[in-house]
Amino acid sequence: MGKQQLINYVKKFVSLDEAEMEQFVSCFEEVKVKKRQFIVQPNFTNRHRAFVVKGAFRSYAEADDGQQHTVQFAIENWWVSDINSYIYQHPATLFIVALEDSELLQISFEKEQELKKSNHKFETFFRVIAEKGLAFEHRRILFNLTHSAEARYENFLLNFPNFVQRVPQYALASYLGMTTEFLSRLRNKRTRKS
């Protein structure tokens, strides 16, 4: 099931024949991850890029004072990794933890490089998802810099309704750049309105 899910995802970006699709998915390994299990931790090189088949993940950095700053969430059909560590094969700076029992399809850095060298369509696929990821992060940074906390919360609810019930409130608050208490007030205010 997981590999078919990946095939359906890839088809949105590039057109591959059956042999190419088989070559592509054969480079991925199925991995089961338990809730609260880390797939990436600081100081260890992130050697895999992961496609979420089932489950939810949180990627975060920890400040010197111990405060956690959520960088990304990922659920089904999203990719998750410490991209800087993965691309440069340097030690990671992020923690990535499963929020639920989850299933991933992972590709190693080496296998991805081999795929890209073997066929320009694979290179195109990875380039396109990288571009889309970069554009998403750019929009997120600009929105966070130019909008109020309430607007950031409303925007998240509008664009990512599937995430809201699946991520802990403290992690969502961290992602949105606010305290858990402030997020709780926003949620209560919204509930009273409806």
Residue, surrounded by the most Cβ atoms within 10 Å (Cβ to Cβ), within region 1-47, restricted to residues that are of a type in the set (Ser, Thr, Tyr) and outside any loop (DSSP other than H, G, I, E, B): 9
Candidate set: region 48-92, residues that are small (Gly, Ala, Ser) and in a loop (DSSP other than H, G, I, E, B); chosen: the one surrounded by the fewest Cβ atoms within 10 Å (Cβ to Cβ): 66
So residue 123, is it more than 16 Å from residue 29 (Cα to Cα) and outside any strand (DSSP E or B): yes
Test: residue in region 92-99 that is out of contact with any strand residue (DSSP E or B) (no Cβ under 7 Å at 6 or more places or on another chain) and farther than 20 Å from residue 134 by Cβ: no
In region 93-120, the residues that are part of a loop (DSSP other than H, G, I, E, B) and farther than 25 Å from residue 160 by Cβ: 119
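Among the residues of region 131-157, count how many are polar (S, T, N, Q) and surrounded by 11 or more Cβ atoms within 10 Å (Cβ to Cβ).
Start the filter on region 131-157 by keeping residues that are polar (S, T, N, Q), which leaves 144, 146, 148, 155.
Then keep just the ones that are surrounded by 11 or more Cβ atoms within 10 Å (Cβ to Cβ); that gives 144, 155.
Result for region 131-157: 2.
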Every pair of residues 6+ apart whose Cβ atoms lie under 8 Å, when the first sits in region 1-24 and is more than 20 Å from residue 132 (Cα to Cα) while the second is small (Gly, Ala, Ser) and in a helix (DSSP H, G or I): 23/118
Residue in region 174-183 that is among the small types (Gly, Ala, Ser), touching a residue at least 24 places away in the same chain (Cβ under 8 Å) and either surrounded by fewer than 13 Cβ atoms within 10 Å (Cβ to Cβ) or assigned to a helix (DSSP H, G or I) (or both) present: yes
Pairs, first over 21 Å from residue 160 (Cβ atoms) in region 124-139, second part of a helix (DSSP H, G or I), C-beta under 7 Å, six or more apart: 125/10; 126/112; 126/116
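No lab work stands behind these numbers, since they all come straight from the coordinates. Only a predicted model underlies this, so the values are computations on that prediction, with no experimental measurement involved. Methodologically, a virtual Cβ is constructed for each residue, glycine included, from the backbone with ideal geometry; neighbour enumeration extends over all protein chains shown.
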